[in-house]
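The values are calculated or read from the model by the stated rules, or taken from the named source; none is laboratory data. Owing to the predicted nature of the structure, the values given are computational and were not obtained by experimental measurement. Every residue, glycine as well, gets a Cβ built from its backbone with ideal geometry; the counts of neighbours run over all protein chains shown.
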Amino acid sequence: MNAPSSAQTRNNRKVTIALVETAASPLPAMPQAPFGALLVCLAPRPDEKSVRSLARKLLEAGCGWATLHGGKHTPRLHQWFDDAIVEYQLKQDRNAELMTSGETEDSLEEAMRDAVWFGFPAYDQPYAELLVLILGPHPDGLQARSAALAQTVEQE
């Protein structure tokens, strides 16, 4: 894992951008709860067990919203996250909440916009912090590009 980088969004949210090779990789220090997350899945074929485990780790750390960006894998990511959340609610904490969003056809910029501007409960203030977790093989410059997007993406 590369050292996480950070940025500040136009709506004053602190963003931590971290690269991990797999969903089973050690995660960086989590933001202060409650927080939002953007999972950018670049893995050629995500693994259900490790993605479900990742969803649980985020839920346990206080993540209340996760925008999922995985191209054609986005529906699978949603299903695995939602299954992990329901299982956690049934077995651990019935009051735990983690909402998910994201569309198959969304670009990275659209997913970032969703996470930065809309990834928080409608009835509450935006989460002060956002974790951008990039999963899979990392093209050069993706961490810097993600930081730049987080800083500049505008609300539609």
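Mind listing whichever residues of the stretch 42-54 are of a type outside the set (D, E, K, R) and in contact with a helix residue (DSSP H, G or I) (Cβ under 6 Å, 6 or more places away or on another chain)?
As a first pass, look at the stretch 42-54 and keep what is of a type outside the set (D, E, K, R): 42-44, 46, 50-51, 53-54.
Of everything in the stretch 42-54, those that are of a type outside the set (D, E, K, R) and in contact with a helix residue (DSSP H, G or I) (Cβ under 6 Å, 6 or more places away or on another chain) turn out to be Pro46, Val51.
When the residues of the stretch 71-87 are filtered to those that are touching a strand residue (DSSP E or B) at 6+ places or on another chain (Cβ under 7 Å) and not acidic (Asp, Glu), which remaining residue is surrounded by the most Cβ atoms within 10 Å (Cβ to Cβ)? So that I can check it myself, show each step before the final result.
So in the stretch 71-87, the residues touching a strand residue (DSSP E or B) at 6+ places or on another chain (Cβ under 7 Å) come out as 73-74, 77-78, 81-82.
This time we only want the ones that are not acidic (Asp, Glu), so: 73-74, 77-78, 81.
Values: His73: 19, Thr74: 20, Leu77: 26, His78: 18, Phe81: 24.
Of everything passing the filter in the stretch 71-87, Leu77 is surrounded by the most Cβ atoms within 10 Å (Cβ to Cβ).
Please state which one of Pro31, Pro44, Pro26 is within 14 Å of Leu131 (Cα to Cα) and assigned to a loop (DSSP other than H, G, I, E, B). Please lay out each step first, then the result.
Working: Pro44 fails: within 14 Å of Leu131 (Cα to Cα); Pro26 fails: within 14 Å of Leu131 (Cα to Cα).
Result of the check over Pro31, Pro44, Pro26: Pro31.
Looking at the structure I just gave you, is Leu42 over 12 Å from the mean Cα position of the chain (by Cα), at pLDDT 85 or above and aliphatic (A, V, I, L, M)? Let's see the steps before the verdict.
Values: over 12 Å from the mean Cα position of the chain (by Cα): yes; at pLDDT 85 or above: yes; aliphatic (A, V, I, L, M): yes.
Yes, satisfied.
Restricting attention to the stretch 125-156, report how many residues are hydrophobic (A, V, I, L, M, F, W, C) and surrounded by 19 or more Cβ atoms within 10 Å (Cβ to Cβ). Don't jump to the end; show me each part of the working.
Within the stretch 125-156, the first condition is being hydrophobic (A, V, I, L, M, F, W, C), and the residues that meet it are 128, 130-135, 142, 144, 147-150, 153.
This time we only want the ones that are surrounded by 19 or more Cβ atoms within 10 Å (Cβ to Cβ), so: 130-135, 149-150, 153.
The qualifying residues number 9.
Filtering the stretch 1-50 down to residues that are over 16 Å from Phe81 (Cβ atoms) and basic (Lys, Arg), which residue is surrounded by the fewest Cβ atoms within 10 Å (Cβ to Cβ)?
Only one residue fits best here, namely Arg45.
With Val51, Val15 as the choices, which residue is within 14 Å of the chain's Cα centre (by Cα), of a type in the set (Val, Ile, Thr) and assigned to a helix (DSSP H, G or I)?
Numbers: Val15 fails: assigned to a helix (DSSP H, G or I).
Every option except Val51 fails the conditions.
Go through the stretch 2-12 and report how many residues are among the hydroxyl-bearing types (Ser, Thr, Tyr) and not in a loop (DSSP other than H, G, I, E, B). So that I can check it myself, show each step before the final result.
As a first pass, look at the stretch 2-12 and keep what is among the hydroxyl-bearing types (Ser, Thr, Tyr): 5-6, 9.
So of that shortlist, the ones also not in a loop (DSSP other than H, G, I, E, B) come out as 5-6.
Total satisfying the criteria: 2.
Please verify whether Ala122 is surrounded by fewer than 18 Cβ atoms within 10 Å (Cβ to Cβ), small (Gly, Ala, Ser) and modelled with pLDDT of 90 or more, treating the condition exactly as stated. Lay out the reasoning, then the answer.
Working: surrounded by fewer than 18 Cβ atoms within 10 Å (Cβ to Cβ): yes; small (Gly, Ala, Ser): yes; modelled with pLDDT of 90 or more: no.
No, not satisfied.
Looking at Leu38, Leu68 in this structure, which one is part of a strand (DSSP E or B) and out of contact with any Leu (no Cβ under 6 Å at 6 or more places or on another chain)?
On the way: Leu68 fails: out of contact with any Leu (no Cβ under 6 Å at 6 or more places or on another chain).
The conditions single out Leu38.
Need pairs with beta-carbon distance below 7 Å; first residue charged (D, E, K, R) and within the stretch 121-148, second surrounded by fewer than 16 Cβ atoms within 10 Å (Cβ to Cβ) and modelled with pLDDT of 85 or more; sequence gap 6+ or separate chains.
Pairs found: Glu129/Gln32.
Counting just the residues of the stretch 88-108 that are assigned to a helix (DSSP H, G or I) and without any contact (Cβ under 8 Å) to a residue 12 or more places away in the chain, which one comes out surrounded by the most Cβ atoms within 10 Å (Cβ to Cβ)? I'd like the intermediate steps shown before the answer.
Residues of the stretch 88-108 assigned to a helix (DSSP H, G or I): 88-91, 108.
Of the ones still in play, those that are also without any contact (Cβ under 8 Å) to a residue 12 or more places away in the chain are 89-91.
Details: Gln89: 15, Leu90: 9, Lys91: 8.
The qualifying residue surrounded by the most Cβ atoms within 10 Å (Cβ to Cβ) is Gln89.
For (1) touching a Cys at 6+ places or on another chain (Cβ under 8 Å); (2) over 18 Å from Thr100 (Cβ atoms), each residue gets a yes or a no:
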site: Val20; (1), (2): no, yes
site: Ser25; (1), (2): no, yes
site: Met30; (1), (2): yes, no
site: Ala37; (1), (2): yes, no
site: Val40; (1), (2): no, no
site: Pro44; (1), (2): no, yes
site: Glu48; (1), (2): no, no
site: Ala55; (1), (2): no, no
